[in-house]
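Note sheet for the following structure.
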Amino acid sequence: MRFCVVGAGLSGAVIARTLAQCGHQVIMVDERSHVGGNCHTERDPETGIMVHRYGPHIFHTADERVWQYVQRFGTFRPYTNRVKAVVGGHIHVLPVNLLTINQFFGKTMGPQEAREFIASKADHSIAQPRSFEEQALKMIGPELYRAFFRGYTLKQWGIDPTELPASILKRLPLRFDYDDNYFSHPYQGIPEEGYTEVVQNILNIDGIKIRRNCSFESMSDAFDHVFYTGAIDRYFGFRIGRLAYRTLDFERVVMDGDFQGTAVMNYCDEDIPYTRITEHKYFSPWERGNFAKTICFREYSRSAGGNDIPYYPVRLVNDRVLLDNYISMAREQKNVSFLGRLGTYRYLDMDVTIREALHASDMIERSLQSSSFSLPVFFVDPN
Ligand code: UDP
């Protein structure tokens, strides 16, 4: 059979490999000049440093299958994401942990004392938080919320935290010990030669032809089935409107030596226009000493326009209504499946993206072995 995979990111690569392994022909298209989607990495020509071109990506997972899978295609070096934050002219550590609490309030509390102290700050009248702000007030109280979350979130989402869903904050832990690991997953790492090499290795199998710099819209070939990992609203030519995304602008800074002494520095104050500065040689500590220069990116978030790269799906009420309509339109389609971050309009970490693509691959393999080939339009419910 002849398959098309639209988009050369993680979802597309995993699916394309499965199809090729089953002995089928795959045309993969991507309008960019490289594979890897938004986790693309490349060596910066001026400094030699491996740069995460579309923002930093740190791989973390609790899923044994996903961890084993990615390691077949690259050497993952141990890496622990430890984030620093500038708040009101002081440096703090994130996620909020015992050091953050003690430094911020000028105290020397132990875990139990700090737990009681934060409980005394928390708003217990909020039973079921309906917004980001309510979730924060219930979890950490007003001072920490205003210092670390309100300004940053306004900049990141361009929306008042009273309007944002509580789920965004639930991504972050609150700790009453000195553990400053940003993630709670048992496996965490960054590939030694970058993510693009990992994706290239996934795709390095007979049967896959990659067309770079090529849009799906410009193709006229016939396929038995299309796996579409592009934006779902774009598939339909934005016929009933555009789903809202946040996009990022990166301001490049190159200098001799070091800039900030760490990989990620968040700027939580509302009056500083960027959300964070990332210093990319710190994402590869095993080779950091090789570089005389350093390269950093200031990250600015804004609403995505028609020609901008979509990063974060906004998913507020209006978007959900529009998404529902696109989902209904998609369910009418024949021989196409939508998957991945853009195909299902969901914020997905890399490990979840791969887990879902592996789950889809299981279904694809079963279907290819059965007498009647048939696949769902969605492998997971995009709602
Ligand atoms: N956040 C914040 N201050 C910070 C870091 C995060 O207010 O210093 C909020 C912000 O709204 C962000 C959310 O917490 O979107 C989730 O943070 P995470 O680090 O998971 O952000 P992402 O991976 O989406 O960039």
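General remarks:
- Test for Pro161: is it open to solvent by less than 20 Å² (accessible area, probe 1.4 Å) and in contact with a Phe, Trp or Tyr (Cβ under 8 Å, 6 or more places away or on another chain): yes
- Flag for Lys121 being of a type in the set (Lys, Arg), under 24 Å from Lys84 (Cβ atoms) and surrounded by fewer than 21 Cβ atoms within 10 Å (Cβ to Cβ): yes
- Region 233-246: number of residues that are closer than 30 Å to Val26 by Cβ and in a loop (DSSP other than H, G, I, E, B): 6
- Members of region 198-232 found to be open to solvent by 70 Å² or more (accessible area, probe 1.4 Å) and either in a strand (DSSP E or B) or closer than 15 Å to Ser33 by Cα (or both), listed by number: Gln200, Lys209, Arg211, Arg212, Asn213
- Any hit, region 355-370, residues being of a type in the set (Lys, Arg) and within 21 Å of Val70 (Cα to Cα): yes
- Scanning region 303-341 for residues that are farther than 24 Å from Thr41 by Cβ and part of a strand (DSSP E or B) turns up Ser303, Val336, Ser337, Phe338.
- Evaluating Leu348 against the criteria (1) free of Cβ contacts under 8 Å to residues at least 60 places away in the same chain; (2) in contact with a strand residue (DSSP E or B) (Cβ under 8 Å, 6 or more places away or on another chain); (3) within 16 Å of the ligand (Cβ to nearest atom) leaves one unmet condition, (2).
- Filter result (of a type in the set (A, V, I, L, M, F, W, C) and in a loop (DSSP other than H, G, I, E, B)) within region 159-179: Ile159, Leu164, Ala166, Leu172, Leu174, Phe176
- Out of Ser337, Ser301, Ser328, Ser284, one residue alone is of a type in the set (Gly, Ala, Ser) and closer than 20 Å to Met50 by Cβ. It is Ser284.
- Meets criteria (more than 15 Å from the ligand (Cβ to nearest atom), among the β-branched types (Val, Ile, Thr), in contact with an Asp or Glu (Cβ under 6 Å, 6 or more places away or on another chain) and in contact (Cβ under 8 Å) with a residue 40 or more places away in the chain) for Ile232: no
- Being more than 16 Å from the ligand (Cβ to nearest atom), touching a residue at least 24 places away in the same chain (Cβ under 8 Å) and buried (at least 19 other Cβ atoms within 10 Å of the Cβ) is a property that does not hold for Tyr152.
- The set of residues from region 274-297 being out of contact with any Lys or Arg (no Cβ under 6 Å at 6 or more places or on another chain), part of a loop (DSSP other than H, G, I, E, B) and open to solvent by 10 Å² or more (accessible area, probe 1.4 Å) comprises Pro285, Glu287, Ala292.
- Cβ pairs under 7 Å, 6+ apart, first in region 173-190 and open to solvent by 30 Å² or more (accessible area, probe 1.4 Å), second at pLDDT below 95: Ser184/Pro173
- Checked against (1) open to solvent by less than 30 Å² (accessible area, probe 1.4 Å); (2) outside any loop (DSSP other than H, G, I, E, B), Asp249 passes all but condition (1).
- Filter result for Val314 (surrounded by fewer than 18 Cβ atoms within 10 Å (Cβ to Cβ), within 16 Å of the ligand (Cβ to nearest atom) and closer than 20 Å to Gly37 by Cα): no
- Filter result for Val93 (closer than 29 Å to Ile210 by Cα and not polar (S, T, N, Q)): no
- For region 126-149, taking the residues that are within 19 Å of Arg115 (Cα to Cα), open to solvent by less than 30 Å² (accessible area, probe 1.4 Å) and not in a loop (DSSP other than H, G, I, E, B), the one that is nearest to the ligand (Cβ to nearest atom) is identified as Phe148.
- Within region 252-271, the set of residues being more than 18 Å from the chain's Cα centre (by Cα) and surrounded by 15 or more Cβ atoms within 10 Å (Cβ to Cβ) comprises Asp258, Phe259, Gln260, Thr262, Tyr267, Cys268, Asp269.
The values are calculated or read from the model by the stated rules, or taken from the named source; none is laboratory data. These numbers were taken from a predicted model, which means no experiment stands behind them. Ideal geometry is used to build each Cβ from the backbone, glycine not excepted, and the neighbour counts take in all protein chains shown. Just the protein is used for accessible areas: all its heavy atoms, side chains included, with ligands, DNA and RNA removed. Shrake-Rupley method; radii C 1.70, N 1.55, O 1.52, S 1.80 Å.
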